[in-house]
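This report concerns only the one structure given below.
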Amino acid sequence: MSKTRRVWNIILAVLNILGALILMLVPDIAFLLIAIFVGFMLMGRGLKYLFYYMTQANHMVGGKRVLLVGLFLFDFGVFVTMLVDEPQAIMIVYVVAIHLVAAVVNIIRTVGNKKDGNPSWKIDFAQFFGNLAQVVLCLVFIGHVEIPVYIYCIGEIYGSILKIISSCKKTAIVYVQ
């Protein structure tokens with residue numbers, strides 16, 4: 001990871017912590033704000049992939065994958081922004097589903113990194129534990145709207161702290177001769 005990337009990761013993690021603290025102050029509209037922000041972020045990322053496909057990836061091997069990822073992200077972003085009118089319990093279920101998928105990905109990465117002898121398996125396991133704890137706690141308190149907001153915000157703060165830690169770690173540079 002380059003020094004510039006490390007600095008950007010730390011800045012974005014600090015902004016994420018500040019955003020989570022602000023959301024904790026207004027728990028009644030927090031999921032509305034989360035749905036709008038995540039929806040627009042996914043639509044923007046999808047448009048970026050679609051633009052990349054139209055300009056370069058359509059001539060590449062595996063370019064159709066870029067098209068499909070772009071369409072999926074854009075469609076999912078539109079779907080998430082449409083959840084603004086839905087009850088907040090449905091949005092909590094979607095947050096739980098996203099963190100469940102993230103937990104599964106983290107445990108797969110943990111097993112692979114541990115098998116390869118990579119010391120970064122500890123951070124992946126910590127992220128798995130954080131995502132799994134969010135899933136369980138949100139499902140336990142799904143009837144209360146404010147408690148999952150606090151759980152989600154604490155999880156975002158926890159994830160941002162892990163991102164800062166991983167950005168400050170030294171990484172080995174392998175030179176090929």
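Take N113 and tell me if it is among the polar types (S, T, N, Q), in contact with a Ser or Thr (Cβ under 6 Å, 6 or more places away or on another chain), surrounded by 17 or more Cβ atoms within 10 Å (Cβ to Cβ) and assigned to a helix (DSSP H, G or I).
For N113, the condition - among the polar types (S, T, N, Q), in contact with a Ser or Thr (Cβ under 6 Å, 6 or more places away or on another chain), surrounded by 17 or more Cβ atoms within 10 Å (Cβ to Cβ) and assigned to a helix (DSSP H, G or I) - is met.
Is at least one residue of the stretch 119-131 part of a helix (DSSP H, G or I) and closer than 18 Å to I34 by Cα?
yes
Quick one: count up the residues across the stretch 1-36 that are more than 17 Å from the chain's Cα centre (by Cα), more than 26 Å from Y94 (Cβ to Cβ) and open to solvent by 60 Å² or more (accessible area, probe 1.4 Å).
Residues in the stretch 1-36 being more than 17 Å from the chain's Cα centre (by Cα), more than 26 Å from Y94 (Cβ to Cβ) and open to solvent by 60 Å² or more (accessible area, probe 1.4 Å): 6 in total.
Being over 14 Å from I157 (Cβ atoms) and either in a helix (DSSP H, G or I) or of a type in the set (A, V, I, L, M, F, W, C) (or both) is the filter here, so list the residues in the stretch 11-27 that pass it.
If the condition is that a residue be over 14 Å from I157 (Cβ atoms) and either in a helix (DSSP H, G or I) or of a type in the set (A, V, I, L, M, F, W, C) (or both), then I11, V26 are the ones that fit.
Can you name the number of the only condition in (1) closer than 26 Å to M24 by Cβ; (2) open to solvent by 80 Å² or more (accessible area, probe 1.4 Å) that N131 fails?
So N131 meets the others, but not (2).
Every residue, every condition in (1) of a type outside the set (S, T, Y); (2) under 22 Å from I10 (Cα atoms); (3) in contact (Cβ under 8 Å) with a residue 60 or more places away in the chain; (4) open to solvent by less than 40 Å² (accessible area, probe 1.4 Å), yes or no:
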site	(1), (2), (3), (4)
D85	yes, no, no, no
V93	yes, no, no, no
S120	no, yes, no, yes
A126	yes, yes, no, yes
V136	yes, no, no, no
L139	yes, no, no, no
Y158	no, yes, no, no
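Looking at I161, I123, I108, which one is touching a Ser or Thr at 6+ places or on another chain (Cβ under 6 Å), farther than 24 Å from D28 by Cβ and of a type in the set (V, I, T)? Outline the logic, then answer.
Details: I161 fails: touching a Ser or Thr at 6+ places or on another chain (Cβ under 6 Å); I108 fails: touching a Ser or Thr at 6+ places or on another chain (Cβ under 6 Å).
The match here is I123.
The values are calculated or read from the model by the stated rules, or taken from the named source; none is laboratory data. From a predicted model like this one, the values you see are computed outputs, not experimental measurements. Heads up, the Cβs are rebuilt from the backbone with ideal geometry, glycines too, and the neighbour counts pull from every protein chain shown. For accessibility, only protein heavy atoms count, side chains too; no ligands or nucleic acids. Shrake-Rupley method; radii C 1.70, N 1.55, O 1.52, S 1.80 Å.
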